[in-house]
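The values are calculated or read from the model by the stated rules, or taken from the named source; none is laboratory data. All values reported here derive from a predicted model rather than from experimental measurement. All Cβ positions, even for glycine, are placed from backbone atoms using ideal geometry, and neighbour counts span all protein chains on display. Accessible surface areas use protein heavy atoms only, side chains included; no ligands, DNA or RNA. Shrake-Rupley method; radii C 1.70, N 1.55, O 1.52, S 1.80 Å.
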Amino acid sequence: MPYVNVQITKGATRQQKAEIVKDITDSLVRVLGKKPEHTHIVIQEIADEDWGYSGMLTDDWKAVQSKK
């Protein structure tokens, strides 16, 4: 029974999340022969201020990028 935990920063739409779940499930079926009904995908959204990237909190990194 595959269990996949996907962590992303907040902001994805419901449709985007549904597409991620479908694509991951389809990949597990195609590559490993897993049954879709036994596949669990959990999406965890993390606030930008709780995620670090390139040595900075993501909200700070985005602020720097927007000034470039």
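Below, the figures for the structure above:
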{"item": "Tally of residues being of a type in the set (A, V, I, L, M) and free of Cβ contacts under 8 Å to residues at least 24 places away in the same chain across segment 38-68", "result": "4"}
{"item": "Hey, Ala18 farther than 25 Å from Pro2 by Cβ, of a type in the set (A, V, I, L, M) and part of a helix (DSSP H, G or I) or not", "result": "no"}
{"item": "Total residues in segment 1-58, condition open to solvent by less than 90 Å² (accessible area, probe 1.4 Å) and among the aromatic types (Phe, Trp, Tyr)", "result": "1"}
{"item": "Pairs with Cβ under 6 Å, 6+ apart, first in segment 17-37 and of a type in the set (Lys, Arg), second assigned to a helix (DSSP H, G or I) and open to solvent by less than 70 Å² (accessible area, probe 1.4 Å)", "result": "Lys34/Leu28"}
